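Just below is one structure, and these are the notes that go with it.
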Amino acid sequence: MKLFSSRTDARSDADLLEAIQNGNDSSLIGVLFSRYMHLVYGLCLKYLKNREDAQDAVMEIFESMESKLLVSKVQHFKSWLYMVSKNHCLMRLRKASSHEKINGSFMENEVIMHPIEEEAKIDEDLSALEECLQQLRDDQQQCVRLFYLKEHSYEEVSSLTSFALKKVKSYIQNGKRNLKICLEKSHVSE
C-alpha cells in the first residue's frame, strides 16, 4: 500500500505541523502522514482484522487529516495520529456492530423460538453459580455477594464488612477468579 511519492522532507514533525496549521502548504500533510502510514495500517489491521477494511480506513483517516489538523492544536503528531486512528477504527467497529444488531433482530432467534430450553440452561447455570459461591471462603463469598449481587461499591462493602478497602478488593478479585475456575470445572460458560 503506497499513497505518496518517496520524496522525503528533512523537516521535523513539529516544523511540518506548524507549516500545515499556518496554512502554508497542505501538501505537507501527505509527507507527514507517510512517515507513520505503516503504523496506522498496522493499527487498523489489528482492530478491523481485514486487509481491505484496514486499507480503506487508512485512506479515510488520511482524507480527514486536513480538516482535523486545522481545528486541533496538535503538539505530538505521532501520538495524536495514533488516537485519531484508534478512534476511527473503534467507530467503524461500533457502526458495523449496530448494523449487525439491527439486521439480526429481524431474524428468528433460537432463544425466542425455544424459550423453555433456554430457561432450563439458565437455571442450571444459576445453580452451578450458587454451588461455586458456597465453596468460596467466607470473606470472599461475603464480599462477592455484596459487590456483584447486591451491587454495593468497594467502600460500601468495606463499611458493611469492616474489612479494609484493600482487603475487600483482594477478596473480590480472588473470589471472582475462584468462581471462574469452579464454573469452568462445572462446564458453565460465563
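Key figures
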item	result
Fully extended contour minus Cα-Cα distance, from Ser67 to Gln21, at 0.36 nm per residue	15.5 nm
Karplus 3J(HN,Hα) series, Hz, for the stretch 151-168 with 6.51 cos²θ - 1.76 cosθ + 1.60 (x for Gly, Pro)	6, 8, 6, 4, 4, 5, 4, 4, 6, 6, 9, 6, 7, 5, 4, 5, 5, 4
Volume per residue that the Cα convex hull of the stretch 13-105 spans, once the total is divided by residue count, Å³	91 Å³
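Coordinate-derived values only; no laboratory data. Note that the structure is a prediction, hence the values are computed from the model and not measured.
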